[in-house]
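*Asks:* This is the structure I have questions about; it appears just below.
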Amino acid sequence: METLKKYHQDINITPELMQRIQELVSHYPEGKQKSALLPVLHELQDAHDNWLSVELQNKAAEILNITPIEVYEVVTFYTMFNQKPVGKYMLEFCVTSCCAINKAEDVMDYTCEKLGVKPGQVTADGLFSVVGVQCLGACGYAPMLQLGDFYHEHLTKEKVDQLINDCKEDKITLHDK
Amino acid sequence: MGQKILFEKIHIPGIKTYDVYRENGGYASVEKALKMNPDDITEEVKTSGLRGRGGAGFPVGLKWSFIDKKSGNPRHLVCNADESEPGTFKDRYLMEYIPHLLIEGMITSSFALGANLSYIYIRGEYMWVFKTLERAIKEAYAAGWLGKNIKGSGYDLDLHVHCGGGAYICGEETALIESLEGKRGNPRIKPPFPAVKGLWQNPTVVNNVESIATVPWIILNSGEDYSKIGLGRSTGTKLFSVSGHVKKPGVYEIEMGMTVDEFMNSDEYCGGMIDDRPLKGLIPGGSSVPILPKHLIFKTANGEDRLMTYESLSDGGFATGSSLGSGGFIVYNDTACIVRNTWNFSRFYHHESCGQCSPCREGTGWMEKILWRIENGQGTEEDIDLLWSIQAKIEGNTICPLGDAAAWPVAAAIRHFRDEFEYHVRFPEKIKNRDHFVNEPFEKVKHLLQNTTV
Ligand SMILES: Cc1cc2nc3c(=O)[nH]c(=O)nc-3n(C[C@H](O)[C@H](O)[C@H](O)COP(=O)(O)O)c2cc1C
Ligand code: SF4
Ligand code: FES
């Protein structure tokens, strides 16, 4: 029962969201609407606490008029789609070479310790999760993390402290709409 | 050596916006191109000698000339903005700061190819750049550079930006096409090549952001003018993404032909080593190309100056050279551990393998596991040979070059830094801390390898 509750997601496709989805679909020729799948999944995920339940994936299939399996196989292939709830603020640290030699692992360990989580876990209040990811194309500005649509670069422990405070005070914009 | 082509206007305040871009001569190449014969545009690009900036260095004009114009099927130009090769962040810089340059290049290039529907495929993590491009494309539509009958020429073009979902393999052009069709990014078996059967089975050209952003300059000036910049077959300017242990990491545009020494040490570019620590190794073209040890960085094995060109960086083959690749220039000082770094890259390739071919799917995992064992003091001398034999069995036995890209860094690390692997095997107690060479650089302890026999 616990697990079932934990993985429940309220689905709400607002008219604005539907309009945005239609706009994305219009970028592909007639009959090629499946091409819009990745951009549409991003929009659905952004509007649903940053994860995609099976129900929401089924909804994507319905909107694009494709079979659910076509959505599942895509969701499981790409790292940006979350199949489980994540923190409202998901701190994604790059741990690849150029960041690693610039102390990315130390900054990430510090963040985990500060929040009391291991990589992949969500804090009890549901606010934060921390994950290690592969090169994000910010190698010259290492170490760095991604939060929502934006990058935070040249990280230090102090900058992480500041960022976490800003999140708690609701001062952080996650999506560039 | 100071000529700028891509960065010529990047520092003009407001250049991100359509109005400022246009006031500064933006979209002039489209005006000129629309009055030209499309095949003449391709000829200009051929004459320029421009080589693909995505990593493989294939001549851009030649690639364009392969597109099937006879079948009558719709044609597409797809810009590869997936940029996920570790060490590479130049395309992002261009798109972020001067998005209209790429859009202008897309229009001029699409016209040359006779494409009426084109896409920019950008990695999903660059979401704010995706939005920047979306807005810029809207501006270009509003100003009449996109859509039906562009500027009264009778030419129609629709251009859209498409975002990925986080997968390095989608940078490989056929995986990118699959992904653009809304599928998993599994590379296709070639032939057929995209120029014949690409996006939705239509003739398609896939080119890197930097390649396409160079086209406006070539059309406005000439292919011949472009071919005079640079050195030999490395014509033009090239963007390098610099990271690692240098004073001034960042993105630089240089005329090809500069010495590696000048690029690394002059204040105009990398500015020398951070904290003036000794140099240990250089990866000149992104994580997939071989690392060069100190003695092969500024000079080739023949004792000639190593230059920032396709030819010079690969001089000596993989035995003593490397490759220009994507221009991801990663510098390591004496505190870096080659074993740990190689493990880090193997973890990357294992994570990013699409899993279609067993040598790549299994081999990358085995390499990661063995490297982790060695890095943590549980490796044996045989493990080093085992690693060598695994990488050799991946190379050349896979559908796409990701397998090779995973094998080469491992081969180069063992070839040039075998003593560091041996040190890890023989002195496990000295490498317990992940910062082992930060605390005690290998140079200071490598004499132990001579003194002791096991
Ligand atoms: C695993 C892999 C990843 C690649 N990633 C990229 C990339 O992120 N960007 C890119 O432009 N080319 C990438 N390429 C090269 C493309 O397949 C293709 O050659 C290139 O986009 C062609 O454009 P160009 O000729 O203008 O360089 C990659 C190739 C492989 C095998
Ligand atoms: S080499 Fe690797 S990434 Fe490329 S197709 Fe084969 S399994 Fe996929
Ligand atoms: S290695 Fe961290 S952003 Fe590239």
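*Asks:* Just in the stretch B:352-454: which chymotrypsin sites (Phe, Trp or Tyr not before Pro) are loop by DSSP and have at most 11 other Cβ atoms within 10 Å?
*Replies:* Sparse-neighbourhood loop chymotrypsin sites (Phe, Trp or Tyr not before Pro): none present.
*Asks:* Dipole of the protein assembly as shown, Cα-centred, from +1 at each Lys and Arg C-beta and -1 at each Asp and Glu C-beta, to the nearest 20 debye?
*Replies:* For this selection, approximately 640 debye.
*Asks:* For the stretch B:180-199, list whatever residues lose no less than 20 Å² of accessible surface once every protein chain is in place, relative to that chain by itself, with the probe at 1.4 Å.
*Replies:* B:Glu181, B:Gly182, B:Lys183, B:Arg184
*Asks:* What number, rounded to the nearest 500 deg cm²/dmol, is the helix-based mean residue ellipticity at 222 nm of chain B, given -39500 (n - 2.57) per DSSP H run of at least four residues and division by all its residues?
*Replies:* Taking each H run of at least 4 residues, the total per residue is -12000 deg cm²/dmol.
*Asks:* Given only helices, namely DSSP H runs of n ≥ 4 each adding -39500 (n - 2.57), what is the per-residue ellipticity at 222 nm of chain A, to the nearest 500 deg cm²/dmol?
*Replies:* -11500 deg cm²/dmol
*Asks:* Please report the Cα spread of chain B along all three principal axes, rounded to whole Å, starting with the longest.
*Replies:* Its Cα atoms span 80, 46, 38 Å along the three principal axes.
*Asks:* Right, next: The stretch A:1-68: which GluC sites (Glu not before Pro) are DSSP loop and have at most 16 other beta-carbon atoms within 10 angstrom?
*Replies:* Listed in order of number, the matching sites are A:Glu30.
*Asks:* How do B:Trp64, B:Trp217 rank by accessible surface area computed with a 1.4 Å probe, from largest to smallest?
*Replies:* Most to least solvent-accessible, the answer reads B:Trp217, B:Trp64.
*Asks:* Relative to the isolated chain, which residues of the stretch B:98-129 have their accessible area cut by 40 Å² or more in the presence of all protein chains (1.4 Å probe, heavy atoms, no ligands or nucleic acids)?
*Replies:* B:Arg123, B:Glu125, B:Met127, B:Trp128
*Asks:* List the cysteines in chain A whose Cβ has no other cysteine Cβ under 4.7 Å from it.
*Replies:* A:Cys112, A:Cys135, A:Cys167
*Asks:* Given the options A:Gln134, A:Gln57, A:Tyr110, identify the residue whose Cα lies farthest towards the positive end of the charge dipole of the protein assembly as shown (+1 on Cβ of Lys, Arg; -1 on Cβ of Asp, Glu).
*Replies:* A:Gln57
*Asks:* Moving on. Name the residue farthest towards the positive end of the dipole of the stretch B:107-248 from the options B:His245, B:Tyr119, B:Ile107, assuming +1 on Cβ of Lys and Arg, -1 on Cβ of Asp and Glu, about the Cα centre.
*Replies:* Of B:His245, B:Tyr119, B:Ile107, it is B:His245.
*Asks:* Let's see if you can work this out: charge +1 on each Lys and Arg Cβ, -1 on each Asp and Glu Cβ, no other charges. What is the dipole magnitude of chain B about its Cα centre, in debye to the nearest 20?
*Replies:* With Lys and Arg at +1 and Asp and Glu at -1, about 720 debye.
*Asks:* From zero outward in steps of 10 Å, how is the percent of C-alpha pairs of the stretch B:310-385 spread across the bins?
*Replies:* Bins of 10 Å from zero give 17, 33, 41, 9, 0 percent of pairs.
*Asks:* To the nearest hundred square angstrom, how large is the accessible surface buried between A and B, total for both chains, probe 1.4 angstrom? Can you show the working numbers first?
*Replies:* Numbers: alone 10560 and 18320 Å², together 24600 Å².
That pair of chains buries around 4300 Å² in total.
*Asks:* How big is the protein assembly as shown by the Kirkwood estimate over distinct Cα pairs, in Å?
*Replies:* Computed over Cα pairs of the protein assembly as shown, the Kirkwood hydrodynamic radius comes out at 25.4 Å.
*Asks:* Kirkwood Rh over alpha-carbon pairs of the stretch B:231-333, then Stokes-Einstein at 25 °C and 0.890 mPa s: what D in µm² s⁻¹, rounded to an integer?
*Replies:* Result for D is 186 µm²/s.
*Asks:* Here's a follow-up. How large is the direction-averaged shadow of the alpha-carbon convex hull of the stretch B:350-454, in nm²?
*Replies:* For the stretch B:350-454, the mean projected area of the Cα convex hull comes to 6.8 nm².
*Asks:* Provide the per residue accessible area, probe 1.4 Å, for the stretch A:2-77, rounded to a whole number of square angstrom.
*Replies:* 52 Å²
*Asks:* Further question on the same structure: Hey, what angle do you get for helix A:15-25 against the long axis of chain A, alpha-carbon based, 0 to 90 degrees rounded to 10?
*Replies:* Helix A:15-25 sits at roughly 80 degrees to that axis.
*Asks:* With unit charges on the beta carbons (Lys and Arg positive, Asp and Glu negative) and the dipole taken about the Cα centre of the protein assembly as shown, which residue among B:Met367, B:Asn37, B:Val209 sits farthest to the positive side?
*Replies:* Final value for the positive-end residue is B:Asn37.
*Asks:* Compute the angle between helix B:127-142 and the longest alpha-carbon principal axis of chain B, please, reported from 0 to 90 degrees and rounded to the nearest 10.
*Replies:* Between the helix axis and the principal axis of chain B, the angle is about 10 degrees.
*Asks:* Then there is this: In terms of modelled amide H atoms, which long-range or inter-chain residues lie less than 5 Å from the amide H of B:Asp82?
*Replies:* The answer is B:Arg123.
*Asks:* Also, quick follow-up: Would you kindly calculate the translational diffusion coefficient of chain A, applying Stokes-Einstein with the Kirkwood radius from alpha carbon pairs, for 20 °C and a viscosity of 1.002 mPa s, and quote it in µm² s⁻¹ without decimals?
*Replies:* It comes out at roughly 122 µm²/s.
*Asks:* Right, another one. Would you list, by chain and number, the aspartates and glutamates whose Cα falls below 17 Å from the Cα of A:Lys157, excluding same-chain residues fewer than 8 positions away?
*Replies:* A:Lys157 reaches A:Glu92, A:Glu105, A:Asp106, A:Asp109, A:Glu113, A:Asp166.
*Asks:* Here's a follow-up. Roll a 1.4 Å probe over the protein chains and send me the accessible area per residue for chain B in Å².
*Replies:* 36 Å²
The values are calculated or read from the model by the stated rules, or taken from the named source; none is laboratory data. Only a predicted model underlies this, so the values are computations on that prediction, with no experimental measurement involved. Note: ideal-geometry Cβ built from the backbone for every residue, glycine included; neighbour counts use all protein chains shown. For the accessible areas, the whole protein counts, side chains as well, though only heavy atoms, and no ligand, DNA or RNA atoms are used. Shrake-Rupley method; radii C 1.70, N 1.55, O 1.52, S 1.80 Å.
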